[in-house]
Amino acid sequence: MKKITSWGKYPLIDANVNAPSTSKSLMNKKQTGIARGLGRSYGDSALSENIIISEEMNHFISFDDETGLLSCEAGVSLDNILTSFVPKGWFLSVTPGTKFVTVGGAIASDVHGKNHHVEGSFSDHVTSLTLIVNDQELKCSRDENPDLFHATCGGMGLTGIITEATFKLKPITSAYINQKVVKAKNLETALELFEQYKDVTYSVAWIDCLSTGDNLGRSLLMLGEHADKGELTTHKDGLLNMPCDMPSFLLNKYTIQAFNSAYYNKQLKAEVNNTIHYDPFFYPLDGINNWNRMYGGNGFTQYQFVIPKKAGKEGLTEILKAIAESKQGSFLSVLKVFGEGNKNNLSFPMEGYTLALDFKLNDKLFALLDRLDIIVRKYEGRLYLSKDVRMSEEMFKAGYPQWEEFQTLRKEYGADELYHSLQSKRIGL
Amino acid sequence: MQNIIIIGATSAMAKEVAKLYAIEKANLYLIARDTPKLDTIKQDLTIRGANTVHTAPFDANQFNSHQTLIEQAFNTLGRVDVLLVAHGSLPNQELCQTDSMKAIEELNTNGVSVISILTHAATKMEQQKTGNITVITSVAGDRGRQSNYVYGAAKGMVSIFLQGLAQRLSKSGVHVLDIKPGFVDTPMTAEFDKGALWAKPEKVAQIIKKRISKKSSFSYTPAFWFVIMTIIKFVPKFIFDKVKL
């Protein structure tokens with residue numbers, strides 16, 4: 001038994017941990033529990049009494065430099081892909097806000113990035129994957145076992161163990177990004193700017209969720225396109241490290257308000273244009289190893305929801321007001337406009353607005369999140385499973401109407417009896 | 001373009017070192033017991049950028065096969081820039097205390113087989129008058145401890161052998177590096193709960209590669225193990241006997 005936790009450092013559990021090195025060894029022993037990559041999901045979706053870690057299965061299998069199709073084992077990290085392929089002029093088609101996730105985890109969470117509104121989510125670029133269900137090894141794609149493919153992409157590891165995947169990389173001529181940062185004095189302006197720049201490949205806004213009144217939702221909108229000029233240099237290792245848990249009282253409403261204010265005001269001009277390396281553009285927090293320790297020993301959670309476009313400004317305003325009133329502000333709040341969702345049963349993105357908020361765990365937090373749930377539900381939105389640690393079964397089932405289809409398929413393959421996480425049990429899967 | 005031989009190439013640390021050289025388009029000659037795993041690694045390193053990857057199977061305790069193995073590797077690559085010896089096992093100490101055959105087998109795997117390989121390779125390196133020999137030993141070889149002194153004895157034997165070899169080969173411009181890792185988070189140590197002293201194999205690999213290129217002769221990896229081991233070596237026996245280490 002080992003002590004294990006995920007990125008939010010809550011909960012901390014005892015688990016049997018197994019790190020198979022080949023898919024054969026996975027099939028010989030009937031594996032049960034949940035597959036886990038680098039443990040960057042925030043809550044309990046990669047926690048179970050039995051955990052199958054993919055870190056030994058981290059090899060590249062083939063690469064076609066005509067088409068950019070890469071095949072690799074599921075334990076390969078995005079960090080590793082960048083190190084090997086940026087120098088050859090290839091980049092990830094979709095990347096989340098950290099490069100320290102595995103391919104298996106990126107598919108299971110069907111992660112999205114700053115380009116969702118134009119290029120979709122990670123699994124939209126996956127052409128096929130290999131899944132172990134029970135003692136069967138199944139190839140899944142949009143043509144072969146398509147129902148299993150669409151259940152596995154975004155399926156949180158609950159359909160089986162992903163062992164290999166093939167997906168497309170995108171060609172680049174430079175490792176740099178032409179960035180534009182635009183100030184938005186409130187939410188309305190921010191949403192208008194998203195609309196105005198909807199053809200830009202990468203866009204995201206950092207939002208001050210503690211400002212109120214006329215300033216409610218003031219933001220910095222960050223836009224980017226791959227540059228044409230600049231060398232194909234890879235990133236360096238993070239230089240900074242958070243050596244231990246920071247005392248948790250240091251993050252309080254005053255310090256968070258001060259940080260948010262300073263961050264918004266650090267840029268004086270209404271618009272700044274520059275060229276920066278992909279690493280600070282996509283992965284600003286990867287530069288500080290173990291940054292999750294900033295939230296103290298009790299851990300933290302991220303509340304990320306999406307509400308449909310029609311709920312728009314009204315819905316976001318209602319939620320931002322509730323947060324600002326609670327004074328349980330979040331350091332890093334991120335707003336993004338999603339494009340259309342895909343056919344996967346449990347993928348998070350849908351056309352609309354998504355907001356991600358970090359909260360330090362304390363006694364009052366879950367009550368606030370329950371209140372936010374009610375608002376999200378009212379606007380027919382849903383929460384991101386990879387960030388969640390506390391949503392109720394009702395909230396999940398209301399937000400993900402395809403859960404029944406998903407569950408039927410799991411039963412058909414016998415996956416429901418083998419693969420489960422603390423989260424899947426909590427939300428009734 | 002560098003030419004690299006790695007023995008025990010499927011071990012976690014060796015694999016990470018190989019990746020670093022593959023990115024720099026090196027020619028790699030990988031030797032290990034587990035041939036299916038070697039094939040997987042070969043594919044992986046080729047995609048990462050290795051110019052060529054050769055593989056050869058080997059059993060550390062088949063001492064009479066070592067000469068041919070080394071000769072073939074040197075013949076294939078021509079000049080060898082780095083020879084990394086990384087194979088080994090982590091013995092069950094309690095078993096070794098009751099079964100002398102087991103103890104001897106472990107001493108052979110972790111100690112004698114390394115010396116056998118180095119004996120053949122040293123001659124080749126001496127002739128070529130350039131290159132590096134790096135061997136992964138262990139901090140366990142610095143002082144015998146009740147929890148793993150059979151392993152420690154084997155590693156300590158190799159370290160002392162390397163001291164002499166380094167002196168001898170310095171005359172012909174060959175760099176000999178003894179790498180003594182502390183706790184490394186690898187499949188060999190999967191059973192242990194990992195604390196602050198544990199290093200990832202990727203990190204250890206970066207240190208190894210850097211020390212090779214700088215012709216360093218510093219062994220402790222990461223470097224803070226120098227402090228820990230200095231203390232452990234100087235703890236007086238009457239105190240040492242009272243602790244469980």
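With out of contact with any Cys (no Cβ under 9 Å at 6 or more places or on another chain), part of a helix (DSSP H, G or I) and within 14 Å of chain A (Cβ to nearest Cβ) as the only criterion, which of B:188, B:125 stands out?
Answer to the check: B:188.
Restricting attention to region B:191-220, and to residues there that are touching a residue at least 12 places away in the same chain (Cβ under 8 Å), of a type in the set (S, T, N, Q) and more than 10 Å from chain A (Cβ to nearest Cβ), which single residue is nearest to residue B:139 (Cα to Cα)?
B:219
Among (1) closer than 30 Å to residue A:188 by Cα; (2) free of Cβ contacts under 8 Å to residues at least 40 places away in the same chain, where does residue A:360 come up short?
(2)
Report whether or not residue A:364 is of a type outside the set (Ser, Thr, Tyr), over 19 Å from the mean Cα position of the chain (by Cα) and not assigned by TED's automatic domain parsing to the domain that holds residue A:45. Let's see the steps before the verdict.
Numbers: of a type outside the set (Ser, Thr, Tyr): yes; over 19 Å from the mean Cα position of the chain (by Cα): yes; not assigned by TED's automatic domain parsing to the domain that holds residue A:45: yes.
Judged against the criteria, residue A:364 is a match.
Pick out the one residue from A:237, A:245 that is in contact with a helix residue (DSSP H, G or I) (Cβ under 7 Å, 6 or more places away or on another chain) and charged (D, E, K, R). Give the steps one after another, and end with the answer.
Details: A:237 fails: in contact with a helix residue (DSSP H, G or I) (Cβ under 7 Å, 6 or more places away or on another chain).
That would be A:245, the only listed residue that is in contact with a helix residue (DSSP H, G or I) (Cβ under 7 Å, 6 or more places away or on another chain) and charged (D, E, K, R).
Does residue A:406 satisfy being part of a helix (DSSP H, G or I) and at pLDDT 95 or above? Before the answer, list the steps.
Details: part of a helix (DSSP H, G or I): yes; at pLDDT 95 or above: yes.
Against the criterion (part of a helix (DSSP H, G or I) and at pLDDT 95 or above), residue A:406 qualifies.
Quick check on my filter: what residues within region A:192-213 are among the β-branched types (Val, Ile, Thr) and within 16 Å of residue A:113 (Cα to Cα)?
Selection gives A:200, A:201, A:204.
From the list B:177, B:169, which residue is in a helix (DSSP H, G or I), at negative phi, touching a residue at least 24 places away in the same chain (Cβ under 8 Å) and buried (at least 18 other Cβ atoms within 10 Å of the Cβ)? First the steps, then the outcome.
On the way: B:177 fails: in a helix (DSSP H, G or I).
Every option except B:169 fails the conditions.
Of the numbered conditions (1) under 21 Å from residue A:152 (Cβ atoms); (2) among the acidic types (Asp, Glu); (3) free of Cβ contacts under 8 Å to residues at least 12 places away in the same chain, residue A:394 fails exactly one; give the number of that condition.
Single failed check for residue A:394: (1).
Quick one: which residue in B:35, B:98, B:68, B:76 is hydroxyl-bearing (Ser, Thr, Tyr) and closer than 23 Å to residue B:186 by Cα? Before you say what the answer is, go through the steps one by one.
Details: B:98 fails: closer than 23 Å to residue B:186 by Cα; B:68 fails: closer than 23 Å to residue B:186 by Cα; B:76 fails: closer than 23 Å to residue B:186 by Cα.
Just a single option satisfies the conditions, and that option is B:35.
Quick one: which of A:152, A:95 is at pLDDT 95 or above, buried (at least 22 other Cβ atoms within 10 Å of the Cβ) and in contact with a strand residue (DSSP E or B) (Cβ under 8 Å, 6 or more places away or on another chain)?
Values: A:95 fails: in contact with a strand residue (DSSP E or B) (Cβ under 8 Å, 6 or more places away or on another chain).
Sole residue among the options that is at pLDDT 95 or above, buried (at least 22 other Cβ atoms within 10 Å of the Cβ) and in contact with a strand residue (DSSP E or B) (Cβ under 8 Å, 6 or more places away or on another chain): A:152.
Do the conditions hold for residue B:241, that is, is it within 14 Å of chain A (Cβ to nearest Cβ) and over 24 Å from residue B:105 (Cβ atoms)? Quick ask: steps written out before the conclusion?
Numbers: within 14 Å of chain A (Cβ to nearest Cβ): no; over 24 Å from residue B:105 (Cβ atoms): yes.
Answer is no for this residue.
Can you pull out every residue in region B:204-218 that is within 16 Å of the chain's Cα centre (by Cα) and either within 17 Å of residue B:4 (Cα to Cα) or surrounded by 15 or more Cβ atoms within 10 Å (Cβ to Cβ) (or both)?
B:204, B:205, B:206, B:207, B:208, B:209, B:210, B:211, B:212
Residue-wise test of (1) surrounded by fewer than 23 Cβ atoms within 10 Å (Cβ to Cβ); (2) away from chain A (no Cβ under 14 Å); (3) in contact with a Phe, Trp or Tyr (Cβ under 9 Å, 6 or more places away or on another chain); (4) under 18 Å from residue B:130 (Cα atoms).
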residue	(1), (2), (3), (4)
B:4	no, yes, yes, yes
B:7	no, yes, yes, no
B:23	yes, no, no, no
B:38	yes, no, no, no
B:62	yes, yes, no, no
B:78	yes, yes, no, yes
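Mind checking whether some residue in region A:335-351 is under 29 Å from residue A:255 (Cβ atoms), surrounded by fewer than 22 Cβ atoms within 10 Å (Cβ to Cβ) and free of Cβ contacts under 8 Å to residues at least 24 places away in the same chain?
No, that holds for no residue.
If you take the residues of region A:370-403 that are acidic (Asp, Glu) and part of a loop (DSSP other than H, G, I, E, B), which of them is nearest to the chain's Cα centre (by Cα)? Give the steps one after another, and end with the answer.
Kept after step one, since they are acidic (Asp, Glu), are these residues of region A:370-403: A:370, A:373, A:380, A:388, A:393-394.
Then drop every residue that is not part of a loop (DSSP other than H, G, I, E, B), which leaves A:380, A:388.
Values: A:380: 21, A:388: 11 Å.
Filtering region A:370-403 for residues that are acidic (Asp, Glu) and part of a loop (DSSP other than H, G, I, E, B), the one nearest to the chain's Cα centre (by Cα) comes out as A:388.
Only one residue in B:12, B:56 is within 14 Å of another protein chain (Cβ to nearest Cβ) and either free of Cβ contacts under 8 Å to residues at least 60 places away in the same chain or closer than 20 Å to residue A:79 by Cβ (or both), so which one is that? It would help to see each step written out before you state the result.
Numbers: B:56 fails: within 14 Å of another protein chain (Cβ to nearest Cβ).
After ruling out the rest, the residue left standing is B:12.
From the residues in region A:74-92 that are under 12 Å from residue A:234 (Cβ atoms) and polar (S, T, N, Q), which one is surrounded by the fewest Cβ atoms within 10 Å (Cβ to Cβ)?
Per the stated criteria, the residue is A:83.
Being touching a helix residue (DSSP H, G or I) at 6+ places or on another chain (Cβ under 6 Å) and farther than 15 Å from residue B:86 by Cβ narrows it down to one of B:152, B:195, so name that one.
Values: B:195 fails: touching a helix residue (DSSP H, G or I) at 6+ places or on another chain (Cβ under 6 Å).
Going through B:152, B:195 in turn, just one is touching a helix residue (DSSP H, G or I) at 6+ places or on another chain (Cβ under 6 Å) and farther than 15 Å from residue B:86 by Cβ: B:152.
Go through B:95, B:90, B:84 for me and flag whichever is within 30 Å of residue A:88 (Cβ to Cβ) and either touching a helix residue (DSSP H, G or I) at 6+ places or on another chain (Cβ under 6 Å) or more than 14 Å from chain A (Cβ to nearest Cβ) (or both).
Values: B:95 fails: within 30 Å of residue A:88 (Cβ to Cβ); B:90 fails: within 30 Å of residue A:88 (Cβ to Cβ).
Just one listed residue meets the conditions, B:84.
Hand me the list of helices (runs of 4 or more DSSP H) wholly inside region A:28-127 holding 1 or more residues that are within 12 Å of chain B (Cβ to nearest Cβ).
On the way: elements: A:78-85, A:103-108, A:116-119.
Qualifying helices (runs of 4 or more DSSP H): A:78-85.
Run down A:222, A:242 and say which single residue is closer than 16 Å to residue A:331 by Cβ, touching a residue at least 40 places away in the same chain (Cβ under 8 Å) and touching a strand residue (DSSP E or B) at 6+ places or on another chain (Cβ under 8 Å). Before you say what the answer is, go through the steps one by one.
Numbers: A:222 fails: closer than 16 Å to residue A:331 by Cβ.
Just one listed residue meets the conditions, A:242.
Can you tell me which of B:28, B:45 is more than 14 Å from chain A (Cβ to nearest Cβ), under 28 Å from residue A:65 (Cα atoms) and crowded, with 22+ Cβ neighbours inside 10 Å?
Values: B:45 fails: more than 14 Å from chain A (Cβ to nearest Cβ).
Only one candidate passes the filter, namely B:28.
Across region A:4-25, what is the total count of residues that are surrounded by 19 or more Cβ atoms within 10 Å (Cβ to Cβ), within 14 Å of chain B (Cβ to nearest Cβ) and under 22 Å from the mean Cα position of the chain (by Cα)?
1
Across region A:294-317, what is the total count of residues that are surrounded by fewer than 18 Cβ atoms within 10 Å (Cβ to Cβ) and either of a type in the set (A, V, I, L, M, F, W, C) or within 21 Å of residue A:256 (Cβ to Cβ) (or both)? Steps first, please.
Initial filter on region A:294-317 (surrounded by fewer than 18 Cβ atoms within 10 Å (Cβ to Cβ)): A:297-298, A:308-310, A:312-314, A:317.
Next cut, either of a type in the set (A, V, I, L, M, F, W, C) or within 21 Å of residue A:256 (Cβ to Cβ) (or both) only: A:297-298, A:317.
Number of matching residues: 3.
Does residue A:405 satisfy the criteria of being charged (D, E, K, R) and buried (at least 16 other Cβ atoms within 10 Å of the Cβ)?
On the way: charged (D, E, K, R): yes; buried (at least 16 other Cβ atoms within 10 Å of the Cβ): no.
Taking the combined requirement at face value, the residue does not satisfy it.
The values are calculated or read from the model by the stated rules, or taken from the named source; none is laboratory data. Since we're looking at a predicted model, the values are computed, not measured. Using ideal geometry, Cβ is built from the backbone for each residue, glycine included, and neighbour counts are taken over all protein chains shown.
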